[in-house]
Amino acid sequence: MIGNRNTYFCCMHVQYLIIGQGISGTWLSYYLQKEKKSFLVIDNNNKNASSRLAAGIINPVTGRRHVEVWRAKEILPFAWNAYNQFGKELGITAISQKNIIDFFPTPQMRQSFIQRVEEYDAYVQISKNEKEYTELFNYDFGFGTIKPVYTAHLESLLPAWRQQLKENNHLLEEEFEINQLQTKKDGIQYKTITAGKIIFCDGNNSSGNPYFQQLPFAPNKGEVLLAEIPGLPNHHIYKKGIIMSPLAIPDLWWVGSNYSWEFDNENPTAEFRNKTEQMLKDWLKIPFTIKEHLSGIRPATLERRPFVGIHPQHPGIGILNGMGTKGCSLAPFFAKQLVDNLLRNKPISPEASIERFAKILSRNIS
Ligand SMILES: Cc1cc2nc3c(=O)[nH]c(=O)nc-3n(C[C@H](O)[C@H](O)[C@H](O)COP(=O)(O)OP(=O)(O)OC[C@H]3O[C@@H](n4cnc5c(N)ncnc54)[C@H](O)[C@@H]3O)c2cc1C
């Protein structure tokens with residue numbers, strides 16, 4: 001079967017070759033398919049890829065002060081509609097709304113939250129019955145609610161789309177080797193495959209790509225525990241320093257995460273596991289069992305904005321990357337922008353376009 005598939009891809013020509021089927025490559029291939037363009041995705045199915053670890057949370061606020069996330073009013077409704085439509089086409093639930101119950105870890109955090117409510121921030125609410133969760137959790141300083149918060153169900157969406165790609169011969173499951181890539185006058189050649197353009201959606205791997213390594217990537221490691229918690233109501237996400245978010249499997253919860261800028265490898269650490277397990281013991285009043293401990297690298301960037309567009313020196317090479325901690329909301333929005341740019345010459349938002357790095361990207365590549 002593998003032999004037959006590889007024969008099928010031999011000497012193939014496509015308009016777009018996409019590297020990576022994380023959330024970025026998924027949305028890019030989806031929009032190209034909608035436009036009836038020919039494309040092929042190469043993906044090595046890395047189980048530790050950021051998209052395979054993400055909780056999928058799309059939160060309208062960020063940081064200790066709960067400030068509105070970048071371009072929330074455009075990007076969040078876009079994501080909600082796009083995931084709903086995609087899910088409908090695949091026959092799955094691709095997104096749902098689960099608001100965050102935010103338990104205040106300190107009196108100062110409570111005060112800061114109340115201040116946001118008083119400033120009339122539509123995304124935050126203080127609860128009328130702060131005793132509501134006393135049977136399930138230990139908490140001393142009350143809680144607030146953050147809404148609307150969405151969960152993109154990547155654990156359903158990525159495999160469902162992968163299956164369609166496979167069935168339509170749009171997926172080559174193997175390692176992409178950058179040293180086999182050649183640029184041509186009218187596109188690129190990769191082994192026996194030719195394409196009008198190659199678009200890198202390969203997450204953190206792009207930080208070592210000779211065409212894009214000058215971009216200010218700032219890879220960030222994150223770890224997660226998967227815990228079985230029977231009896232915890234799954235219609236909300238719970239937060240108290242760490243986040244607990246319900247997964248599709250009954251009683252299974254995503255618990256995380258941390259943000260490490262300095263790390264030697266992408267392996268899970270005993271330090272995270274011990275600390276997080278202790279936090280859960282202190283917080284939860286009901287029993288739990290740790291089932292798995294995973295870790296991976298977020299493709300984050302120094303100025304916390306994505307990298308989208310075509311290389312200024314190489315018209316056959318492009319990128320959709322740098323999604324950082326917010327790939328679930330940013331990927332559909334910027335995949336659509338990239339496709340509109342490629343097909344209709346519409347501009348990419350200047351804060352996301354790699355045009356902003358035209359000078360450094362024009363230096364000779366090593
Ligand atoms: C612990 C954790 C929790 C997170 N939680 C959230 C969250 O709740 N909400 C949110 O919005 N974001 C979250 N994120 C961030 C989010 O995961 C990323 O922004 C997003 O997944 C990046 O997607 P991507 O497709 O650009 O890259 P990736 O997910 O890294 O995908 C890259 C793809 O390329 C493939 N690939 C790479 N190199 C090669 C190669 N050489 N050959 C072939 N294939 C290759 C990989 O297998 C993978 O499929 C979280 C990240 C982590 C680590």
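The values are calculated or read from the model by the stated rules, or taken from the named source; none is laboratory data. Quantities reported herein were computed from a predicted structural model and do not represent experimental measurements. We place every Cβ from the backbone using ideal geometry, glycine too, and count neighbours over all the protein chains shown. Quick note on the areas: whole protein, heavy atoms, side chains included, nothing else; ligands and nucleic acids left out. Shrake-Rupley method; radii C 1.70, N 1.55, O 1.52, S 1.80 Å.
Fully extending the segment from Lys285 to Phe263, taken as 0.36 nm per residue of separation minus the present Cα-Cα distance, adds 4.6 nm.
Net charge of the neighbourhood of Gly322, taken over other residues with C-beta under 12 Å away and scored Lys/Arg +1, Asp/Glu -1, is +2.
So for the pair Phe78, Gln33, with labels modelled 7 Å out along Cα→Cβ, what separation do we get in nm? For Phe78 paired with Gln33, the spin-label model returns 2.1 nm. For Lys197, a cut-off of 28 angstrom between C-alpha atoms picks up these lysines, skipping any fewer than 8 places away in its own chain: Lys34, Lys36, Lys37, Lys47, Lys166, Lys184, Lys185, Lys326, Lys336, Lys346, Lys359. Estimated from helical segments only, the mean residue ellipticity of the chain at 222 nm is -9000 deg cm²/dmol, where each DSSP H run of four or more residues counts as -39500 (n - 2.57). Ordered by 1.4 Å accessible area with all protein chains kept, Glu132, Glu35 run largest first as Glu132, Glu35. Computed over the chain, the percent of Cα pairs more than 31 Å apart is 37.
Can you give the local net charge around Arg305? Use residues other than it whose beta-carbon is closer than 12 angstrom to its beta-carbon, Lys and Arg +1, Asp and Glu -1. Cβ neighbours under 12 Å give a net charge of +2. The modelled label-to-label distance for the pair Thr93/Arg344, using points 7 Å beyond Cα in the direction of Cβ, is 3.3 nm. Take the Cα of Val67, step 7 Å toward its Cβ, do the same at Ile114, and the gap between the two points is 2.4 nm. Charge dipole (Cα centre; +1 on Lys/Arg Cβ, -1 on Asp/Glu Cβ; no other charges) of region 253-366 amounts to roughly 380 debye.
Computed extension length for Arg356-Ile249: 34.2 nm, one decimal, from 0.36 nm per residue of separation with the Cα-Cα distance subtracted. Selection among Ala270, Ala358, Ser50 by position relative to the dipole of the chain gives Ala358 as farthest towards the positive end (Cβ unit charges, Cα centre). Tyr123 contributes about 40 Å² of solvent-accessible surface, heavy atoms of the protein only, 1.4 Å probe. Might you report the magnitude of the Cβ-based charge dipole of region 79-178 about its Cα centre, with Lys and Arg at +1 and Asp and Glu at -1, to the nearest 20 debye? It comes to approximately 440 debye. Each Lys and Arg Cβ is given +1 and each Asp and Glu Cβ -1; about its Cα centre, the chain then shows a dipole of about 860 debye. Accessible-area rank, largest first, for Phe176, Phe212: Phe176, Phe212, with all protein chains present and a 1.4 angstrom probe. Of the listed residues Thr145, Thr183, Thr93, Thr151, the order by accessible area with a 1.4 Å probe, largest first, is Thr93, Thr183, Thr145, Thr151. Only protein atoms count toward the accessible area here, which uses a 1.4 Å probe; on the chain, the carbon and sulfur part of that area reaches 49 percent. Taking Lys and Arg as +1 and Asp and Glu as -1, the other residues whose beta-carbon sits under 11 Å from that of Ile100 total +3.
For Lys285, a cut-off of 16 angstrom between C-alpha atoms picks up these lysines, skipping any fewer than 8 places away in its own chain: Lys131, Lys239, Lys240. The residue among Gln108, Gln33, Ile95 whose Cα reaches farthest toward the positive pole of the charge dipole of the chain, with charges on the beta-carbon of Lys, Arg, Asp and Glu, is Gln33.
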